[in-house]
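The values are calculated or read from the model by the stated rules, or taken from the named source; none is laboratory data. Everything numeric in this text was worked out from a predicted model, so none of it was measured. In this analysis, Cβ positions are derived from the backbone assuming ideal geometry, glycine residues included, and neighbour counts consider all displayed protein chains.
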Amino acid sequence: QAKRTSAGPVVEFDRSMDEARLERLALERDLAAAIDAGAFELAYQPQIDLQSGRWTGAEALLRWRHPERGFVSPAEFVPVAEETGLIHRLGAFVLEVACRDAARWPAAIKIAVNVSPLQFLTGDIVGAVRSALASSGLDPKRLELEITESAFVGENHRLAGIFSDLLALGVTFALDDFGTGYSSLGYLHRFPIAKIKIDRSFVTDIPGNRHSMAVLRSVVVLADGLSIRTIAEGIETGQQAEILGELGCGEGQGYLYAKPLDIGQACALFAGGAKDGERGGRTERRARLAVV
Ligand code: C2E
Ligand code: MG
Ligand code: MG
Ligand code: MG
């Protein structure tokens, strides 16, 4: 906290505030260098069909290996990248790598890529997607862009055009962290949303929390009525999976099935999934449930 004299100007900063500011500046500087240094990589977290137990796709999650700090969480550096404008370069990098990797997977399943609202509102997202698709040769139908509800706040007039340009390229859209943000539901039918990702906060405390149960039930019915698919994130127990399947949620993602994997692990898993047909499906979940 800053202390003020009676004259007004700030004369002294608290040490911890100073340190936080320096830390932040260092993060900004390192972030800019890190893209060129190859310090970013992607992890892939598999997604599963709750009824058949088949892998349906994977979400690309950005990882930063910092030379001194070790692993830095995207929750920490994505906001910094957004404030400094680096998110556009970083976002283009993620699209390139994710499409390139997915084109080499042994199964033709979806790749979901997180896109910052800023990439939609101020960047050339259409150009970035077009170039990632062209250089990878990935079937555009396999690319799903994950956006959060905040992309729709204060609705920008360019937005509808950007969505239709992207839709024309053949990609699909998933609404991430559903239920935590902007609460107007109007955009669900105004924009071409193919899938709703139900936020982990509604999954964590079921079945004990009646409110979460009510939200999950309603979201599945709402989505169904609008012909929108559903996926629940953060599934950690067999019981959560069982309940979500019974409520009619289509897909799931979470530590129960797989943690975010490196590209080698993801390829091995999807190769196995294609061979066996069923992985981590109902029977396996039941078995796990019996053990718990
Ligand atoms: P998100 O898109 O909602 O991603 C899901 C987050 O939940 C990931 O955290 C994932 O590792 C974590 N998670 C998955 N399953 C479980 C589970 O069963 N239990 C628990 N406790 N957590 C689980 P992560 O990788 O730290 O990413 C955090 C957020 O950072 C993401 O949230 C996303 O908003 C953002 N992010 C990640 N990669 C990118 C990217 O390439 N671009 C942008 N713009 N944002 C990204
Ligand atoms: Mg996401
Ligand atoms: Mg999410
Ligand atoms: Mg989330």
Exercise. Being closer than 29 Å to residue 222 by Cα, surrounded by fewer than 21 Cβ atoms within 10 Å (Cβ to Cβ) and at pLDDT 95 or above, is that true of even one residue in the range 125-141?
Worked result: yes
Seminar exercise, completed: In the range 41-57, residues that are within 16 Å of ligand 3 (Cβ to nearest atom) and under 10 Å from residue 98 (Cα atoms) total 3
Problem set entry | Single match in 108, 134, 112 (criterion: within 16 Å of ligand 4 (Cβ to nearest atom) and either in a helix (DSSP H, G or I) or out of contact with any helix residue (DSSP H, G or I) (no Cβ under 6 Å at 6 or more places or on another chain) (or both)) | 112
Seminar exercise, completed: Within the range 77-131, residues more than 16 Å from ligand 3 (Cβ to nearest atom), under 16 Å from the mean Cα position of the chain (by Cα) and free of Cβ contacts under 8 Å to residues at least 24 places away in the same chain come out as none
Exercise. From the list 58, 108, which one is away from ligand 1 (no atom under 12 Å from the Cβ), within 30 Å of residue 249 (Cβ to Cβ) and at pLDDT 95 or above?
Worked result: 108
Exercise. Name the residues in the range 139-174 that are in a helix (DSSP H, G or I) and among the hydroxyl-bearing types (Ser, Thr, Tyr), would you?
Worked result: 150, 164
Exercise. Hey, does the range 153-161 have a residue that's modelled with pLDDT of 95 or more and surrounded by fewer than 21 Cβ atoms within 10 Å (Cβ to Cβ)?
Worked result: no
For this session: Would you mind stating whether residue 193 is free of Cβ contacts under 8 Å to residues at least 60 places away in the same chain, under 21 Å from residue 140 (Cβ atoms), touching a Phe, Trp or Tyr at 6+ places or on another chain (Cβ under 8 Å) and assigned to a loop (DSSP other than H, G, I, E, B)?
Result: yes
For this session: Can you tell me which residue within the range 32-82, out of those that are surrounded by 14 or more Cβ atoms within 10 Å (Cβ to Cβ) and of a type in the set (Ser, Thr, Tyr), is nearest to ligand 2 (Cβ to nearest atom)?
Result: 44
Exercise. Can residue 277 be described as at positive phi and modelled with pLDDT under 95?
Worked result: yes
Problem set entry | Test result for residue 216, assigned to a helix (DSSP H, G or I), among the hydrophobic types (A, V, I, L, M, F, W, C) and within 21 Å of residue 54 (Cα to Cα) | no
Exercise. Would a scan of the range 172-183 turn up a residue that is within 14 Å of ligand 2 (Cβ to nearest atom) and on the phi > 0 side of the Ramachandran plot?
Worked result: yes
For this session: Check whether at least one residue in the range 37-52 is modelled with pLDDT of 90 or more and assigned to a helix (DSSP H, G or I), and report yes or no.
Result: yes
For this session: Residues being under 21 Å from the mean Cα position of the chain (by Cα), in a helix (DSSP H, G or I) and either buried (at least 16 other Cβ atoms within 10 Å of the Cβ) or more than 15 Å from ligand 4 (Cβ to nearest atom) (or both): count how many of those fall in the range 196-211.
Result: 2
